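In what follows, a structure is listed as structure tokens, so that the remarks can point back to it.
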Amino acid sequence: MKQYFNKLYKNANADFMAELRERLDKDQKTFIVTANPEAFMFGEKDPEMHALLMDEDVTVVADGIGIVKGAAMLDVQVAERIPGVDIAENLMQYGHELEKSIFLLGSKQEVLDAMGNVLAEKYPNLKVVGAIHGYVPDKDAAFEEIVQAKPDIILVALGIPAQEKLIYKHFSKFDKGIFVGVGGSLDVLSGSKERAPEFFIRHNLEWLYRIMKEPKRIKRFYNSHVKFIFRVRKEGRKLRK
Ligand code: UDP
């Protein structure tokens with residue numbers, strides 16, 4: 001588990017965003033994994049997820065407070081959270097400023113429609129070159145369309161780890177592009193789902209808000225986050241022996 005923490009991006013959110021803008025500007029191919037405890041837990045079970053988390057060409061950032069706290073418990077210094085939803089939103093803004101193109105894969109059709117309206121209104125200089133919802137049976141065929149479109153920004157919203165594994169599988173076919181698995185970010189940025197109120201964000205309680213809003217998440221939360229805490233504690237104890 002510690003190897004995943006060691007690979008995390010360690011600097012501040014603002015530094016990360018500045019680097020991201022520059023990479024977009026210079027067409028530098030980039031794959032960002034916004035890690036939550038689930039991502040690292042999958043990494044231990046799933047060889048493909050493990051390989052991509054450890055790949056030198058993949059940037060892993062701490063999406064949630066669980067990863068930041070877990071890092072501290074294992075003596076890895078990570079400055080702060082870099083939430084995936086902020087990355088997605090900033091990429092839209094940078095894409096608008098730099099007149100780039102975007103392709104969206106995943107989430108529901110109505111979310112994509114609403115997102116299209118938001119993009120046209122708020123980021124008119126960002127060109128939408130394709131949008132395919134996440135319930136098509138053949139996601140590999142959908143990715144071939146992305147290869148053809150050669151977009152500058154590719155947001156994949158299928159949930160962890162499906163989105164990361166799909167990007168990783170097709171990544172070598174691209175010469176450029178900023179690829180991010182964004183989970184439920186399009187639901188939020190399209191206005192279809194509300195992000196947690198400021199209070200929850202400020203106190204690092206977004207996870208609690210999401211469970212309150214969608215109680216069916218509790219099982220998933222237990223299976224990843226609660227087991228994760230025990231797993232990190234155990235590793236921390238080993239470290240201190
Ligand atoms: N999703 C999808 N196809 C699927 C399963 C999920 O497009 O087969 C989408 C879903 O609509 C949502 C996103 O994937 O927009 C995952 O959201 P969730 O909030 O579960 O992800 P998290 O942010 O918790 O990783």
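Among the residues making up the range 176-200, those that are on the phi < 0 side of the Ramachandran plot, open to solvent by less than 30 Å² (accessible area, probe 1.4 Å) and more than 13 Å from the ligand (Cβ to nearest atom) are Ile178, Phe179. In the range 25-52, what count of residues is obtained for those that are more than 16 Å from the ligand (Cβ to nearest atom) and assigned to a strand (DSSP E or B)? Total meeting the criteria: 2. From the list Val60, Val76, Val111, which residue is among the β-branched types (Val, Ile, Thr), in contact with a strand residue (DSSP E or B) (Cβ under 9 Å, 6 or more places away or on another chain) and closer than 18 Å to Phe179 by Cβ? Sole residue among the options that is among the β-branched types (Val, Ile, Thr), in contact with a strand residue (DSSP E or B) (Cβ under 9 Å, 6 or more places away or on another chain) and closer than 18 Å to Phe179 by Cβ: Val60.
Can you tell me which of Lys173, Lys216 is away from the ligand (no atom under 12 Å from the Cβ), open to solvent by 10 Å² or more (accessible area, probe 1.4 Å) and either of a type in the set (Lys, Arg) or farther than 26 Å from Glu48 by Cβ (or both)? Can you show your working first?
On the way: Lys216 fails: away from the ligand (no atom under 12 Å from the Cβ).
Testing whether each residue is away from the ligand (no atom under 12 Å from the Cβ), open to solvent by 10 Å² or more (accessible area, probe 1.4 Å) and either of a type in the set (Lys, Arg) or farther than 26 Å from Glu48 by Cβ (or both) leaves just Lys173.
For the range 156-170, taking the residues that are among the aliphatic types (A, V, I, L, M) and within 12 Å of Phe31 (Cβ to Cβ), the one that is most open to solvent (accessible area, probe 1.4 Å) is identified as Leu166. Only one of the numbered conditions (1) assigned to a helix (DSSP H, G or I); (2) more than 16 Å from the ligand (Cβ to nearest atom); (3) under 20 Å from the mean Cα position of the chain (by Cα) is not met by Ile67, and that is (2).
Part of a helix (DSSP H, G or I), touching a residue at least 60 places away in the same chain (Cβ under 8 Å) and in contact with a Gly (Cβ under 8 Å, 6 or more places away or on another chain), is that true of Ile167? Judged against the criteria, Ile167 is a match.
Scanning the range 92-136 for residues that are touching a residue at least 24 places away in the same chain (Cβ under 8 Å) and among the β-branched types (Val, Ile, Thr), we see that the one that is nearest to the ligand (Cβ to nearest atom) is Val111.
The values are calculated or read from the model by the stated rules, or taken from the named source; none is laboratory data. In this text, all values refer to a predicted model and were calculated from it rather than measured experimentally. Backbone-built Cβ (ideal geometry, glycine too); neighbour counts: all protein chains shown. Side chains are part of the model used for accessible areas, which takes the heavy atoms of the whole protein and leaves out ligands, DNA and RNA. Shrake-Rupley method; radii C 1.70, N 1.55, O 1.52, S 1.80 Å.
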